[in-house]
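Step one of this worksheet: look at the structure below.
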Amino acid sequence: MTSKSEPERRYFATAARGTEGVLRDELRELAIPAVKATRGGVHFGGDFTSAMRACLHSRIAVRVLEKLAQFPAVDAKQLYQGARLVKWERFLGPSTTLAVRANLRDSTLTHSTFVSLKVKDAIVDSLRDRLRVRPNVDRYEPDVLITVHLIKNQAELFVDLSGNPLHRRGYRIAAGSAPLKETLAAAILRFSGWRADKSLIDPMCGSGTFVIEAAMQAQNVAPGLNRKRFGFERWICHDQERKRQIAELRKQAREIQKTDGRTSFILGRDRDAATLAIARANAKRAGVNARWEVGEVRDLKPNCEPGWLVTNPPYGVRLSSDASLPSQMARRFRELSGFRVCALLSDRELPKAMRLRPTIEHELWNGKIECRLFCWDIP
Ligand SMILES: C[S@@+](CC[C@H](N)C(=O)[O-])C[C@H]1O[C@@H](n2cnc3c(N)ncnc32)[C@H](O)[C@@H]1O
């Protein structure tokens, strides 16, 4: 039940741990109504167009889900009965495929596979009774992806509008050795305070995620515009009117792209020429311009107005790192007078070597790796 003062929130945009606050701010800027950040993401309201806009324009959301039902589920029977009441024929028909995922916390039912199976059974039985059809399960490329959240014995059922997660923008066919997810890179750019009219350098850019995400912002390229389609475009209820609406949103997004090629100074550097070639190819696929240079971080001499340096140096856990790298970076970074230097780190070697109090320090998770974003304003 929603009270008068609490607007109804039917949608949930999921976010990487630590990025919920910046996702809330981004959705507010996109004029998405009734946003509210919580653990794991941001609830929002509005109509289906708001949700389509979030899919197309959010750089930070990982998935966008629509809430279909909420009910108590202390045991398998309650879960099955609650799931059977949903009108699944809105989404699924004779030739659509289905997958169900479950996240459980503090509940009597403790096996996510069992919970997914129970909900899948309820969906299949309900469609068999109502339409005399039996949808097939496809765990890898389903047309319709259902998510179950079972928290403190309260079940919430969602259908996933995004399909493939939104970090798969479609521009990264190849990656370097430890690429950042595009959605996390976009969240870090926002934490860093970088603005699209300022210079940006990533001196250890790998497959170029920070550089490409920044260039997409500078050129006003909507992050979802390169995708072939979203999950909702495979639903039975994706009728002519919805097709017209998403086509119109895509058209509007194309119209606001900057095509004159003139943007702020955005530079990706890496010491590895092969990785840099991947970054260039990714940028080309994303349809953005940036500068690229092969070089060691110790030789970085920015040929631009002071701006932002945002980087993700190799982590010990994922790439073998060079022991002198933190001191090399610190020596170079401390000389970048007027720059804000930001680094996503999994240890404190660089912060120790910087010998400067950070302006920003924020805990973030890169997948399962606990990291911290540090930013220093260089005097
Ligand atoms: C963790 S990866 C960066 C990943 C990147 N953020 C992405 O999304 O693909 C670190 C990068 O630092 C580069 N690197 C390591 N040592 C370097 C150095 N001394 N100078 C310049 N680049 C270096 C590596 O070649 C690697 O591409």
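Considering Thr38, Thr19, Thr49, Thr97, the condition of being within 16 Å of His149 (Cα to Cα), of a type outside the set (A, V, I, L, M, F, W, C) and in the same structural domain as Asp138 (by TED's automatic domain parsing) is satisfied by Thr38 alone. The set of residues from the stretch 324-379 being among the acidic types (Asp, Glu) and within 16 Å of the ligand (Cβ to nearest atom) comprises Glu335, Asp347, Glu349, Glu370.
Out of curiosity, is Asn289 in a loop (DSSP other than H, G, I, E, B), away from the ligand (no atom under 16 Å from the Cβ), touching a helix residue (DSSP H, G or I) at 6+ places or on another chain (Cβ under 7 Å) and assigned by TED's automatic domain parsing to the domain that holds Ala353? So Asn289 fits the description; yes. Working only within the stretch 203-228, note down all residues that are among the basic types (Lys, Arg) and in contact with a Lys or Arg (Cβ under 9 Å, 6 or more places away or on another chain). Answer for the stretch 203-228, where residues must be among the basic types (Lys, Arg) and in contact with a Lys or Arg (Cβ under 9 Å, 6 or more places away or on another chain): just Arg227. The C-beta contact set for the stretch 134-154 (first residue within 14 Å of Phe12 (Cβ to Cβ), second residue surrounded by 14 or more Cβ atoms within 10 Å (Cβ to Cβ) and acidic (Asp, Glu), distance under 8 angstrom, 6+ apart or interchain) comprises Leu145/Asp160; Ile146/Asp160; Thr147/Asp160; Val148/Glu156; His149/Glu156. Scanning the stretch 216-250 for residues that are of a type in the set (A, V, I, L, M, F, W, C) and in contact (Cβ under 8 Å) with a residue 40 or more places away in the chain yields Met216, Ala218, Val221, Ala222, Leu225, Phe230, Phe232, Trp235, Ile236, Cys237, Ile246, Leu249. If we keep just the residues of the stretch 296-317 that are near the ligand (Cβ under 10 Å from one of its atoms) and in contact (Cβ under 8 Å) with a residue 60 or more places away in the chain, which is farthest from the chain's Cα centre (by Cα)? Top of the filtered list is Leu300. Whether a residue is assigned by TED's automatic domain parsing to the domain that holds Trp194, buried (at least 19 other Cβ atoms within 10 Å of the Cβ), in contact with a Cys (Cβ under 6 Å, 6 or more places away or on another chain) and within 25 Å of Gly193 (Cβ to Cβ) was assessed, and Gly307 does not pass this test. Looking only at the stretch 104-124, residues that are surrounded by 15 or more Cβ atoms within 10 Å (Cβ to Cβ) and either in contact (Cβ under 8 Å) with a residue 40 or more places away in the chain or among the β-branched types (Val, Ile, Thr) (or both) come to 10 in all. Of all residue pairs spaced 6 or more apart or on separate chains, none has beta-carbon atoms under 6 Å together with a first member in the stretch 183-207 that is more than 15 Å from Leu345 (Cβ to Cβ) and without any contact (Cβ under 8 Å) to a residue 12 or more places away in the chain and a second member that is of a type in the set (S, T, N, Q) and outside any strand (DSSP E or B). Could you check how many residues of the stretch 171-184 are within 6 Å of the ligand (Cβ to nearest atom) and at pLDDT 80 or above? Of the residues in that region, 2 qualify. If the condition is being more than 16 Å from Gly338 (Cβ to Cβ) and charged (D, E, K, R), then the stretch 186-207 contributes Arg190, Asp202.
Of all the residues in the stretch 251-286, those that are in contact (Cβ under 8 Å) with a residue 12 or more places away in the chain, within 16 Å of the ligand (Cβ to nearest atom) and in a helix (DSSP H, G or I) number 11.
When Arg195, Arg168, Arg132 are screened for being of a type outside the set (A, V, I, L, M), within 16 Å of the ligand (Cβ to nearest atom) and surrounded by fewer than 22 Cβ atoms within 10 Å (Cβ to Cβ), only Arg168 passes. Determine whether the stretch 39-50 contains at least one residue that is closer than 30 Å to Cys371 by Cα and modelled with pLDDT under 95. Among the residues of the stretch 39-50, at least one is closer than 30 Å to Cys371 by Cα and modelled with pLDDT under 95, which makes the answer yes.
Here's the yes/no breakdown for (1) of a type in the set (Gly, Ala, Ser); (2) at pLDDT below 95; (3) surrounded by 21 or more Cβ atoms within 10 Å (Cβ to Cβ):
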site: Lys4; (1), (2), (3): no, yes, no
site: Arg24; (1), (2), (3): no, no, yes
site: Ala37; (1), (2), (3): yes, no, no
site: Arg63; (1), (2), (3): no, no, yes
site: Lys67; (1), (2), (3): no, no, no
site: Pro72; (1), (2), (3): no, no, no
site: Val86; (1), (2), (3): no, no, no
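Checking each residue in the stretch 138-187 for being over 13 Å from the mean Cα position of the chain (by Cα) and of a type in the set (Lys, Arg) picks out Arg139, Lys152, Arg172. Every listed requirement among (1) away from the ligand (no atom under 16 Å from the Cβ); (2) charged (D, E, K, R); (3) assigned by TED's automatic domain parsing to the domain that holds Ala277 is met by Asp202 save one, (1).
The values are calculated or read from the model by the stated rules, or taken from the named source; none is laboratory data. Just so you know, these numbers come straight off a predicted model, no measurement behind them. So basically every Cβ, Gly included, is an ideal-geometry build from the backbone, and we count neighbours across all protein chains shown.
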